[in-house]
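*Asks:* First, the structure itself, so that you have it in front of you.
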Amino acid sequence: MIKLLIDATLVGLFLSVPLSFFSYFIVMRKMTFAGVGIAHATFGGIALGFLLGLNSFVFPLLFCMVSSVFIGYMYKKGGFSEDSIIDVVFVFSMALGIFIFSMAKGYSGNIIGLLFGDILSVSDRDVVYSFFVSSLALLFILYFFSHFHLITFNEDLARINGVKVDFLYYMFWLVLSVLIVFSIKLIGIILVNAFLVLPALVGLNTSKGFKGVIVFGVFSSLLALIGGVLFSYYLNTPTGATIVLLFFLLWLASFAFRFNT
Amino acid sequence: MVEVKNVSLSINGKYILKDINFEIKKGSFAAIVGPNGAGKTTLLKIITALLKPSSGWVKIDGVEPEKYLRRRRGIVGYLPQKAIVNWNLPLTVLDVVFIQDVKPFGFFRRYSDEMLKLANHWLGVFGIGNKKDELIKNLSGGEQQRVSLVRCMVGKPELLILDEPNTAVDAVYNVRMYEILRKISRELGITIIMVTHDIGVITEFVDEVMCLNVKLHCHGKPSEIDLSRMLNTVYGESFGLLLHREQCKNCMFGVRDDKTSD
């Protein structure tokens, strides 16, 4: 059990750092619902993978990435609002997943585990993959940090200054899809959105400048993760839910240090 | 400096801009006026290669806008409409001043002494030298616009494209801002194309006025254009125009132009 807790903590540590950086831009661009949409797309992907006999994370990952590109494309070219497209992807993926699983007789997976996280499903392989995926995602967001800042400030200004706005827009969602798929094992489809929103919200309460917002976001994520894993072990509670509840309490506590009004 | 030839843009058969022709010389300060939906911002977007015209072409310094923009970052100082800028980012004034200076791993960047000197100079020129460490979202709307002008200037531009720079700027600083812009164009030779609704005041400061409403209805020096009659044509209705006249230096908002009182 201790080994599982350590593995879960490691996966959480690896993933929470890049997720906090992504959280900053997601909150600043008012696109928090996108995380919900992409996370739920995984459910449809897992169901399709099950139907096709592919139980690895590859199929959910592909499904998630295609969904995020679809959301981006329809927003950019279709003239629809992001929220409306995300909602369509969200309900389609959930309906597809439930439809397929309800027909399947031999499914031995744990749907509740998918939705709310299943600490027992974290393996050594997940730890190694999480490390590499997180490192690459962190490298990506750090390399293009000032590019994303300019895009978030004003897209036209970014284009005039030679920033490949559309390319980076799609890359943002693709890399985020990968992070989300890996995070789902730990905290689940429904709760993963907490890590896309709460780090930035805690950071905004506790810091003045953008660097402080992100650094405090990272610290709050780590605190919620490590604390949540430990509490869930000693209290025998669901890990994902415990982590998110702790994160929520941290957010409430952060109001005591509020700098940004 | 900026040459616009036979530029038209139509969407679903409706003309947004039709057969626009003009040339603006280097170092000139030009204002584009016209009603809402006249195509003013669209024209600026075509000049800055953000939009492609359905027909016609634009050249800046003899080359297509895309090529011109690739010469170096900051060569065009662009001030977008205030409403489409995200002012809620947790950025200080200095962060915004250098936001278009994108670099790999920009999260770890520090501002060099040379950059700080440049920023301090322009922040001082625009009267916000004491605000550089404040969060941009805590500034007033008018101060935010001044920070945007500083951002344009630290890029050492050859061309300034300003889309309603006086939005949220108070009446007193409005005049001061136009004075600074005129000085920038004359002393530094920077070409300025500015969209504004501030018809009454700008005639005193700009070298050229363009009246736009899908078509270009006038283009010339303010003194050469019967502006009030032309604006009645462009706006499609008669209105009283308050012009800032030479003989009325002490009038903050100018006097009513008798020609428009019909």
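The values are calculated or read from the model by the stated rules, or taken from the named source; none is laboratory data. Since the model is a prediction, treat every value here as computed from it, not as a measurement. Because the Cβ atoms are built from the backbone with ideal geometry, glycine has one as well, and the counts that use them run over all protein chains shown. Please note that ligands, DNA and RNA were not included when accessible areas were found on the heavy atoms of the full protein model with its side chains. Shrake-Rupley method; radii C 1.70, N 1.55, O 1.52, S 1.80 Å.
*Asks:* When region B:153-176 is examined, which residues are found to be out of contact with any strand residue (DSSP E or B) (no Cβ under 8 Å at 6 or more places or on another chain) and crowded, with 22+ Cβ neighbours inside 10 Å?
*Replies:* If the condition is that a residue be out of contact with any strand residue (DSSP E or B) (no Cβ under 8 Å at 6 or more places or on another chain) and crowded, with 22+ Cβ neighbours inside 10 Å, then B:Asn166, B:Val169 are the ones that fit.
*Asks:* Test B:Asn12 against the criterion of being away from chain A (no Cβ under 14 Å) and over 16 Å from the mean Cα position of the chain (by Cα), and give yes or no.
*Replies:* No; evaluated as a whole, the condition is false for this residue.
*Asks:* Where in region B:1-100 are the strands (runs of 3 or more DSSP E), entirely inside, with at least 2 residues that are surrounded by fewer than 17 Cβ atoms within 10 Å (Cβ to Cβ) and among the polar types (S, T, N, Q)?
*Replies:* Fully inside region B:1-100 and qualifying: B:2-11.
*Asks:* Can we say B:Lys26 is in contact with a Leu (Cβ under 8 Å, 6 or more places away or on another chain), on the phi < 0 side of the Ramachandran plot and among the charged types (D, E, K, R)?
*Replies:* No.
*Asks:* Would you mind telling me which numbered condition in (1) at pLDDT below 95; (2) open to solvent by less than 10 Å² (accessible area, probe 1.4 Å) A:Phe145 fails?
*Replies:* Among (1) at pLDDT below 95; (2) open to solvent by less than 10 Å² (accessible area, probe 1.4 Å), the lone unmet condition for A:Phe145 is (1).
*Asks:* Further, regarding this structure: Quick check: anything in region A:29-38 under 23 Å from A:Pro238 (Cβ atoms), open to solvent by 40 Å² or more (accessible area, probe 1.4 Å) and touching a Phe, Trp or Tyr at 6+ places or on another chain (Cβ under 9 Å)?
*Replies:* Looking through region A:29-38, none of the residues is under 23 Å from A:Pro238 (Cβ atoms), open to solvent by 40 Å² or more (accessible area, probe 1.4 Å) and touching a Phe, Trp or Tyr at 6+ places or on another chain (Cβ under 9 Å).
*Asks:* With A:Phe21, A:Phe14 as the choices, which residue is over 12 Å from the mean Cα position of the chain (by Cα) and under 26 Å from A:Asn205 (Cα atoms)?
*Replies:* The match here is A:Phe14.
*Asks:* Still on this model: Can you give me the ranges of the helices (runs of 4 or more DSSP H) entirely in region A:150-261 with at least 3 residues that are on the phi < 0 side of the Ramachandran plot and aromatic (Phe, Trp, Tyr)?
*Replies:* A:165-191, A:210-235, A:239-254
*Asks:* Next question. Does B:Leu116 count as outside the structural domain of B:Cys152 (by TED's automatic domain parsing), closer than 28 Å to B:Gly27 by Cα and of a type in the set (A, V, I, L, M)?
*Replies:* No; evaluated as a whole, the condition is false for this residue.
*Asks:* Looking at region A:148-191 only, could you name the residues that are at the interface with chain B (Cβ under 7 Å from one of its Cβ atoms), of a type in the set (S, T, N, Q) and either in contact (Cβ under 8 Å) with a residue 60 or more places away in the chain or open to solvent by 20 Å² or more (accessible area, probe 1.4 Å) (or both)?
*Replies:* Within region A:148-191, A:Thr152 is the sole residue that qualifies.
*Asks:* Taking the condition out of contact with any Leu (no Cβ under 7 Å at 6 or more places or on another chain), buried (at least 20 other Cβ atoms within 10 Å of the Cβ) and more than 14 Å from every other protein chain (Cβ to nearest Cβ), does B:Leu123 pass?
*Replies:* Yes: the conditions hold for B:Leu123.
*Asks:* Search region B:101-117 for residues that are under 19 Å from A:Arg159 (Cβ atoms) and pair each with any residue that is in a loop (DSSP other than H, G, I, E, B) and open to solvent by 70 Å² or more (accessible area, probe 1.4 Å) when their beta-carbon atoms are under 8 Å apart and the residues are at least 6 apart or on different chains.
*Replies:* If the second residue must be in a loop (DSSP other than H, G, I, E, B) and open to solvent by 70 Å² or more (accessible area, probe 1.4 Å), the pairs left are B:Asp101/B:Arg73; B:Val102/B:Arg73.
*Asks:* Sticking with this one: If we scan region A:126-140, do we find a residue that is open to solvent by 10 Å² or more (accessible area, probe 1.4 Å), within 14 Å of another protein chain (Cβ to nearest Cβ) and over 16 Å from the mean Cα position of the chain (by Cα)?
*Replies:* Yes; the residues of region A:126-140 include at least one that is open to solvent by 10 Å² or more (accessible area, probe 1.4 Å), within 14 Å of another protein chain (Cβ to nearest Cβ) and over 16 Å from the mean Cα position of the chain (by Cα).
*Asks:* Further question on the same structure: Is it true that B:Leu135 is in contact (Cβ under 8 Å) with a residue 12 or more places away in the chain and at the interface with chain A (Cβ under 9 Å from one of its Cβ atoms)?
*Replies:* yes
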